[in-house]
Amino acid sequence: METITAEYLEEQKNLHHNPNYGIASMGFAQEVDACIRHMSAQTVTDYGAGKKNLKKALDSLGVGGYVYQAFDPVFPEYGEALEADLVCCIDVLEHVEPHLLENVLADLRRVTKNIGFFTVHTGPAVKTLSDGRNAHLIQESATWWLTRLSDYFRIGHVEYYEHLGKGFAVLVGVKPTTLAN
């Protein structure tokens, strides 16, 4: 299942040369720590991990006792996205190519065993792509995003934030599967 085109992967590789690209996850380390502790997560997948800044921030807080699994198509050395108790997808979804969003959400659902901690920035990014487009390819309201997420997950706690720009963080749970008659 395609989650990123080859052309857009090159754009993302170029953006990752900027040391200030992909740092939003650091601002959510305390919330992720609380999730790990609350659910006694044994495994954490950082979906769209970039330069593993979430792991660096968790390490600086002294968080341990879990297996960290990074996934990012820009860094193929991380390997495929692996199933985990807690899946973090921080400042990623707004960067997804709109025609591939459903594939990405399905892939997130595939790897989420229990809980997801997702953040979405709903406004424009400061950075732009080489063709002049805003780096946030999807700029939609929280309601729009939550509607899409609810097709794949149970929506839990939602918290709106302004400290990192306009957006929200949401805890999602796995929807039970239904049995066909």
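No lab work stands behind these numbers, since they all come straight from the coordinates. Values in this document were obtained by computation on a predicted structure and should not be read as measured data. Neighbour counts run over all protein chains shown; Cβ positions are idealised from the backbone, glycine included.
Tabulated data for the structure shown
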| quantity | calculated |
| --- | --- |
| Using a Förster distance of 35 Å, the FRET efficiency for Lys166-Gln42 (Cβ separation, nearest 0.05) | 0.55 |
| Extension gain (nm, one decimal) between Leu61 and Leu129, 0.36 nm per residue minus Cα-Cα | 21.2 nm |
| CD proxy at 222 nm, helix term only [per DSSP H run n ≥ 4: -39500 (n - 2.57); per residue of the chain; nearest 500] | -7500 deg cm²/dmol |
| Sites Val174 and Glu10 - FRET efficiency at Förster radius 41 Å, r taken between beta-carbons, to 0.05 | 0.75 |
| Fully extended contour minus Cα-Cα distance, from Thr143 to Arg110, at 0.36 nm per residue | 9.6 nm |
| In the chain, lysine pairs with alpha-carbon atoms under 27 angstrom apart (chain gap of 8 or more, or interchain) | 20 |
| Estimated Rh, the chain: Kirkwood, alpha-carbon pairs, angstrom | 16.5 Å |
| Estimated FRET transfer efficiency (Glu80, Asn18; beta-carbon r; R0 25 Å; 0.05) | 0.45 |
